[in-house]
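Take a look at the structure set out below.
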Amino acid sequence: MTSIVPFSCPRCNGTGWVPQAPGSYDVDACSCQEGSRRVQRIAAARVPRRYHHCSVDAFTTSSAAPLVRAKHDVSEFADAWTPGRKDGKGLLLIGPCGSGKTHLAVAVLLGIIDRKKPGKLLFSNFQDLIQEIQASFDSDEVPSKSEILRPLLEADLLVLDELGSQKPSMFVHDILYYVINTRYNDARTTIFTTNYADDLQERIGERLRSRLYEMTDEIRLTGVRDFRKNKTI
């Protein structure tokens, strides 16, 4: 019977680390760990499985001018982004359902991971966030509101998907204001996606809409077909 010998990397002897110089106590992560580190970072960023394939290169524009511009701008953003950038400038992706907003937003997160840039990255769907917080009020076994919100406040780059999707209420507005205003004051980068082009202010309020003008550059994916119906993106 043939025994199976576990793989051991010749560079790090299976430790995952290599000295920066012979005899040095300073170490770097071994290249053999790159695949597992990527998987770990994607999991830590809470990227939904459906979007694990997303990349800027995989985003099909079908030569539609708004999509061509969006793809170019998002690619430039991912190239330039670094944690702790002074202005904390993010993106506001605006477009109808099926225009590719979430694909592009997640492509930034995955692109940054693939570029091996440091920083805490996080994806959050706003509607799911509100439901999670509401559920925390009814159980002592789930995280508290502050524990749920802390990762959103501390992420160097946050994707907040479907901004304005939850029906406006005082509770929803208070949560949204707390998250956005905290990140605004801390100059942390946020990428927002929303279906609401002209009535976003009605959904989130004047003060938050004003902050978004300063926090983000707008990318509008207008006049394009729903890819879920046409299967073109």
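Within the range 188-195, can one find any residue that is more than 19 Å from ASP128 (Cβ to Cβ) and in contact with a Gly (Cβ under 9 Å, 6 or more places away or on another chain)? Yes, because at least one residue in the range 188-195 is more than 19 Å from ASP128 (Cβ to Cβ) and in contact with a Gly (Cβ under 9 Å, 6 or more places away or on another chain). Checking each residue in the range 183-224 for being at pLDDT 95 or above, outside any helix (DSSP H, G or I) and crowded, with 18+ Cβ neighbours inside 10 Å picks out ARG188, THR189, THR190, ILE191, PHE192, THR193, THR194, THR216, ILE219. All of ILE133, ILE113 fail the test of being among the β-branched types (Val, Ile, Thr), over 19 Å from the mean Cα position of the chain (by Cα) and farther than 22 Å from GLU206 by Cα, apart from ILE133. Taken as a whole, the range 15-28 holds at least one residue that is more than 17 Å from LEU104 (Cβ to Cβ), at pLDDT below 95, charged (D, E, K, R) and out of contact with any helix residue (DSSP H, G or I) (no Cβ under 8 Å at 6 or more places or on another chain). Go through the residues of the range 47-56 one by one and say whether even a single one is aliphatic (A, V, I, L, M), within 13 Å of the chain's Cα centre (by Cα), within 14 Å of ARG115 (Cβ to Cβ) and crowded, with 17+ Cβ neighbours inside 10 Å. So far as the range 47-56 goes, no, none of its residues is aliphatic (A, V, I, L, M), within 13 Å of the chain's Cα centre (by Cα), within 14 Å of ARG115 (Cβ to Cβ) and crowded, with 17+ Cβ neighbours inside 10 Å.
Answer yes or no as to whether GLN201 is in the same structural domain as ASN125 (by TED's automatic domain parsing), polar (S, T, N, Q) and free of Cβ contacts under 8 Å to residues at least 12 places away in the same chain. In short, yes. One residue stands out among those in the range 135-182 that are over 22 Å from LYS89 (Cα atoms) and among the hydrophobic types (A, V, I, L, M, F, W, C): the one that is surrounded by the fewest Cβ atoms within 10 Å (Cβ to Cβ), which is MET170.
The values are calculated or read from the model by the stated rules, or taken from the named source; none is laboratory data. What you see is a predicted model, and the numbers here were worked out from it, not measured in a lab. For neighbour counting, all protein chains shown are included, and Cβ atoms are generated from backbone atoms with ideal geometry for every residue, glycine included.
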